[in-house]
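In what follows, a structure is listed as structure tokens, so that the remarks can point back to it.
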Amino acid sequence: MDILIVEDEPEIARLIELSLEKEGFFCRTSRDGLNALRMFQEQPPDLIILDLMIPGLDGLEVCARIRQKPGTKDPYILMLTAKGEEIDRVIGLSTGADDYMVKPFSPRELVARVRALLRRSLRQGGQHQVNRTQHFIVDVDQRTASRQINSQDVEILDLTTLEFNLLTTFVSNPGRVWNRTQLIDKLWGDNFFGDERVVDTHVARLRKKIEPDPANPTFIKTVVGVGYKFEDPLVA
């Protein structure tokens, strides 16, 4: 696994690098936001450890730009920062970060969080799985998803890895009500360390890509006090 470390403090960057390389990860390091974006474009990593306060472009801007242009590889992003206030965590997650750690941190916990992020996947069976509802077709093996706009027009959906996994979860269980804990277990597994509100962030992002009117969703409905429900009939 290829990990890009974006950290301007040399001692911290080296500590992260040594901790991860000891566990068998391949690491690259950038000291500023602009160079991090160049490295991402030249060779997209599997995961980015991104400090919030870095020169050039700050971590929030770097994160936002990466999420605006998903490529063939959509990396997980772990934000690492000295800021620990709740509002900073919310802003970090809303820009597309998958997890958030506050300095000072335990190298052992950092490695555990990295492993948990890289294990995120839908735990499906071995058969070729294609899920169809009235308006959606999701091919799990081919990692493709489309939406039927009308009787003649089909839209190919440009989804990030987590958005695809979330849509697959919903489409394969129309009508089921999911709470945040269930969605975290389904998508991230048992070793999730982040804030549960990351689920809301990804649901909002998915709505923007699949809903005719994201402010008044047709497919992904909010069940007040519980969670979310996907409404679209299955097609045999």
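The values are calculated or read from the model by the stated rules, or taken from the named source; none is laboratory data. Small disclaimer: the values here were computed from a predicted structure and weren't measured. Surface accessibility is based on the protein's heavy atoms, side chains included, excluding ligands, DNA and RNA. Shrake-Rupley method; radii C 1.70, N 1.55, O 1.52, S 1.80 Å.
With an 8 Å cut-off on Cα pairs and a minimum separation of 6 or more residues, tell me the relative contact order of the chain in percent. Walk me through the intermediate numbers first.
On the way: 377 pairs, mean separation 34.7, N = 236.
After rounding, I find 15 percent.
Using only the alpha-carbon atoms, how far is helix 161-171 inclined from the longest principal axis of the chain? Give it as 0 to 90 degrees, nearest 10.
30 degrees
Where both partners of a DSSP beta bridge lie in the chain, what percent of those bridges are antiparallel, to the nearest 5? Write down the numbers at each step before the final one.
Values: 18 of 36 bridges.
Here the share of antiparallel DSSP bridges comes out near 50 percent.
How much of the accessible area of region 1-78, probe 1.4 Å, is carbon plus sulfur, in whole percent?
Values: 1910 of 3760 Å².
In region 1-78, the share of accessible area belonging to carbon and sulfur is 51 percent.
Distances longer than 34 Å among the Cα atoms of the chain: what percent of all pairs is that? Display every interim value, and only then the final one.
Details: 5035 of 27730 pairs.
When all Cα pairs of the chain are counted, 18 percent exceed 34 Å.
What is the gain in length, in nm to one decimal, between residue 8 and residue 221 on full extension, counting 0.36 nm per residue of separation less the C-alpha to C-alpha distance? Write out the running numbers ahead of the final one.
Details: separation 213, 0.36 × 213 = 76.68 nm, distance 4.21 nm.
Additional length available on full extension: 72.5 nm.
For the chain, find the longest principal axis of its Cα atoms and tell me its angle to the long axis of helix 59-68, 0 to 90°, nearest 10.
Tilt of helix 59-68: around 30 degrees.
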